[in-house]
Each structure stands twice: as C-alpha cells, then as structure tokens.
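The values are calculated or read from the model by the stated rules, or taken from the named source; none is laboratory data. Here the structure is a predicted model, which means the values were calculated and not measured. Note: ideal-geometry Cβ built from the backbone for every residue, glycine included; neighbour counts use all protein chains shown. Note: areas computed on protein heavy atoms with side chains; ligands, DNA, RNA excluded. Shrake-Rupley method; radii C 1.70, N 1.55, O 1.52, S 1.80 Å.
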Amino acid sequence: MVFESLSEKLQSTLKNLTGKGRLTEKDIDAAMREVKLALLEADVNFKVVKQFVKTVKERSIGSDVMESLTPGQQVIKIVNEELTSMMGTGESQLELKSRPGIIMMCGLQGAGKTTTSAKLAKHLKKKGKKPLLVACDVYRPAAIKQLQVVGSQVEVEVFTLGDKVNPVDIAKAGVEYAKKNGLDTVLLDTAGRLHIDEALMEELQKIVQEVSPEEILLVLDAMTGQDAVNVADTFDDQLKLTGVVLTKLDGDTRGGAALSIRAVTEVPIKFIAMGEKLDQIEVFHPDRMASRILG
Ligand code: GDP
C-alpha cells in the first residue's frame, strides 16, 4: 500500500512527541531529523523535504505550541497541515465551461493514459456528462483498438479516423463530431512516446493551438517516483498543464511522486488511480491523503 513505510515512521516519531508532555527545541530537532529521513526514504524531492522540515520546525518552536498543554498534538497538527499544503490546496476540480469541454490527455507510453481516459470518461458519465473518447494515437499499434475496447467497457463512444490521418485533424474532427451529436465532453487520447521528444511535444502543441483544450492533463506513473516529477516539469514547461493524474499508486509503496509533484511544479494532482479496473480512479484530496499518512 502507498505510504506504508512513511506512514509507520511518521506515526512512531510523532507518537514519541505526544508521550513527552513538555517539549524542548531539542526534542523538535530530533523529531524533525527523523521526519526528514522518512520523507527522503519515501522518495520525496530533496528540496521539498528541506522546505517542509524548515516550516514545520519554525511553526513548532513558536511559543503558542511549546507553551500549550498538548505540544505534541500541536506538532502533529502542523505536520498534517504542511503535508496537506505540500500536496495542494484542497480538491482541484476539472474546469470545463465550454461546450463541448475538451480534455487533452497526455503522457509517456505505458503511464496509463488510455486506461485513464476511459476511467475519466466513466467518472464523467456518472456525473451526468456525455463524454466522447477521441483516438489521437495513430502511432502505437493497436492503440485505437485498445481505446475502443475500454470505451465499450465503460459504454462511451470512441471517435476514430483510423491511423492514416494526422492527429491534429482527428482532434478537430472529434470536437466537431461531439458538437453535432450533443456530446458535452471530449477526451483526446494522444500519443505517448517512450521518452519525451520534440515530435511528441510539437504534435501536442499543435493540438492545443487548434482545439484549445480547457484541461491538459498529464498522466503519470507514480511508480517512477522522481522521474515522474521531472516528466511533469518538462510537460508543464511546454504545454502549461492544468492538472496531473497519478496512476499506479496501488503499486507504489513509497509515494514520493504524490508528495513532490505539486510542490515542485505547482501543477495540481486532480485524480489518482489505484488499480487497473475502470472504476479505480478518484478525485484527489490532499487533506484526506495527509490524514491517511498520519493515521
Ligand atoms: P498508455 O500507454 O499510457 O496508454 O498506458 P495504458 O493505458 O495502456 O496502461 C499501461 C498499463 O498500465 C496497462 O496494463 C494498464 O492496465 C496499467 N494501469 C493503468 N493504470 C493503472 C493503475 O492505476 N494501477 C495499475 N496497477 N495498473 C494500471
């Protein structure tokens, strides 16, 4: 389970503090050293860890904490608040005001883009939307077929022009199709590559220019840890992301990407996925995640 070890370590460190009654600055220092180690072991970005520990320490040695009746509890509250703000500022909703609202899904191959597109389509359908999946990956063999398979599993129509048409034209035609057929949300499943490359970015930029998606979501594999953070940074530079979907949290025990992406890139995590099944996606709540970590 994600954050298992981090959770255990933070809980035992903080429990030591609550068992102490009055606290000294030395107690806080010692605890923060352990918190720092636990976060680094969870693969959280080094700079993010440094800032986190500094802020928690500064807030904790304030007189309102040290002289309170339950200083240990106060420190836990501060850790909880700072963990939450590390991951975001509340729930980040999809911002879809146009009709149709357009979501461009992007990411490296294997991150879970196609699966996540179908999951999101299902999620939107449950909320009363009428989504359309558009097959813009014309490079990976069987990508279109795969989208059709997951599309039919979630009972959402898939628009395709085959693999001989330019993805930019497919995106435009997909949007037109949605307009004509009363579908209110378009999900563009774009091509992934093994590595970030210029051709991939140029194609995505062209799609952005042509159809102006309101949401540009990057699908990231949480198991790739700090690499995922670097990928997010690059995609955000080139495309101005509106959000991240973090997948495979079920296979990631450390959780470093979840704890670093927002703080490093300022791009909010909007959804998390914890399994291959098409209903295994949830809206990301930083506060709930922080509370889960702290038990
Ligand atoms: P794409 O190349 O980015 O379109 O990736 P796919 O959607 O084809 O997914 C790649 C693999 O990851 C597939 O085997 C998916 O079933 C799997 N996958 C996607 N999301 C998750 C997830 O949240 N958890 C797990 N365990 N597997 C996932």
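Please report the base-10 log of the normalised intensity I(q)/I(0) for segment 113-152, using a Debye sum with one equal scatterer per alpha carbon and no solvent, at each q in 0.18, 0.19 (1/Å).
Debye intensities relative to I(0), on a log10 scale: -0.46, -0.51.
Tell me the relative contact order for the chain as a rounded percent, counting alpha carbon contacts under 8 Å between residues six or more apart.
26 percent
Using Cα springs under 10 Å in a Gaussian network model of the chain, which residue among Thr70, Thr116, Thr242 shows the largest mean-square fluctuation?
The residue that fluctuates most here is Thr70.
Rolling a 1.4 angstrom probe over the protein chains, ignoring ligands and nucleic acids, what is the accessible area of Val48 in square angstrom, nearest 10?
20 Å²
Using heavy-atom solvent-accessible surface (probe 1.4 Å) with all chains present, what is the largest-first order of Thr224, Thr84?
Thr224, Thr84
Quick one: order Ile293, Ile61 from most to least accessible surface, probe 1.4 Å.
Ile61, Ile293
Rounded, prolate or oblate, given the Cα gyration tensor of segment 129-209, with a/c below 1.5 counting as rounded?
oblate
Out of every Cα pair in segment 189-254, what percent are spaced more than 16 Å from each other?
47 percent
Could you give each residue of segment 209-214 its phi-based ³J(HN,Hα) in whole Hz, using Karplus coefficients 6.51, -1.76, 1.60 with θ = phi - 60°, and x for Gly or Pro?
With coefficients 6.51, -1.76 and 1.60, one gets 4, 7, 10, 6, x, 7 Hz.
At q = 0.15 Å⁻¹, what log₁₀ I(q)/I(0) does a Debye calculation on the Cα points of segment 210-295 give, no solvent, two decimals?
With one equal scatterer per Cα and no solvent, log10 I(q)/I(0) is -0.52.
From the phi of every residue in segment 234-244, what ³J(HN,Hα) in whole Hz does the Karplus formula 6.51 cos²θ - 1.76 cosθ + 1.60 yield, where θ is phi - 60° and glycine or proline is x?
Per residue, the Karplus-derived 3J(HN,Hα) values read 5, 4, 5, 4, 8, 10, 6, 5, 9, x, 10 Hz.
Report the calculated FRET efficiency for Asp197 and Glu41 (r = Cβ-Cβ distance, R0 = 30 Å), to the nearest 0.05.
0.40
Which residue fluctuates the most in the chain, going by a Gaussian network model with Cα springs under 10 Å, if the choices are Phe235, Phe46, Phe159?
The residue that fluctuates most here is Phe46.
Let me check against my output: what whole-number percent is the relative contact order of segment 44-167, with C-alpha pairs under 8 Å and at least 6 apart?
Contact order relative to length: 17 percent.
Name the residue, out of Glu157, Glu176, Glu67, whose mean-square fluctuation peaks in a Gaussian network model built on the chain with Cα pairs under 10 Å.
Top of the fluctuation ranking is Glu67.
Please find the FRET efficiency linking Ser63 to Glu8, where r is the Cβ-Cβ separation and R0 is fixed at 22 Å, and quote it to the nearest 0.05.
In this case the efficiency is close to 0.10.
Taking the convex hull of the Cα atoms, report for segment 154-276 its projected area averaged over all directions, in nm².
The directionally averaged projection comes out at 8.2 nm².
Kindly express, to the nearest 10 degrees and within the range 0 to 90, the angle between helix 46-60's C-alpha long axis and the longest C-alpha principal axis of the chain.
Roughly 40 degrees between the two axes.
Tell me, what HN-Hα J-couplings in whole Hz come from the Karplus equation 6.51 cos²θ - 1.76 cosθ + 1.60 at θ = phi - 60° for each residue of segment 221-231, using x for Gly and Pro?
Taking θ as phi minus 60°, the curve returns 7, 4, 5, 8, x, 5, 4, 4, 5, 5, 4 Hz for segment 221-231.
Between 0 and 90 degrees, rounded to the nearest ten: what's the tilt of helix 143-153 against the longest Cα principal axis of the chain?
With rounding to tens, the tilt is 80 degrees.
Tell me the carbon and sulfur percent of the accessible area for the chain, rounded to whole percent, probe radius 1.4 Å.
48 percent
Angle, helix 167-180 long axis vs. longest principal axis of the chain, Cα atoms, 0 to 90°, nearest 10?
80 degrees
Where the centre of each part is set by its Cα atoms, how far does segment 104-143 sit from segment 39-86, in angstrom?
Cα centroid of segment 104-143 versus Cα centroid of segment 39-86: 38 Å apart.
Rounded to the nearest angstrom and ordered from largest down, what semi-axes does the equivalent ellipsoid of the chain get from its C-alpha gyration tensor (root of 5λ)?
Equivalent ellipsoid of the chain: 42, 17, 16 Å, largest first.
Rounded to whole Å, give me the distance from the Cα center of segment 244-295 to that of segment 145-222.
Taking the Cα centre of each part, segment 244-295 and segment 145-222 sit 23 Å apart.
Once the whole set of protein chains is in place, how much accessible area is left on Tyr139, using a 1.4 Å probe, in Å² to the nearest 10?
Solvent-accessible area, nearest 10 Å²: 120 Å².
Per residue, how many Å² of accessible area does the chain show with a 1.4 Å probe?
47 Å²
State to the nearest 20 debye the size of the charge dipole of the chain about its Cα centre, where the only charges are +1 on K and R beta carbons and -1 on D and E beta carbons.
640 debye
Helix-only estimate, please: 222 nm mean residue ellipticity of the chain, summing -39500 (n - 2.57) across DSSP H runs of length 4 or more and dividing by its residues, to the nearest 500.
Result for the chain: -16500 deg cm²/dmol, rounded to the nearest 500.
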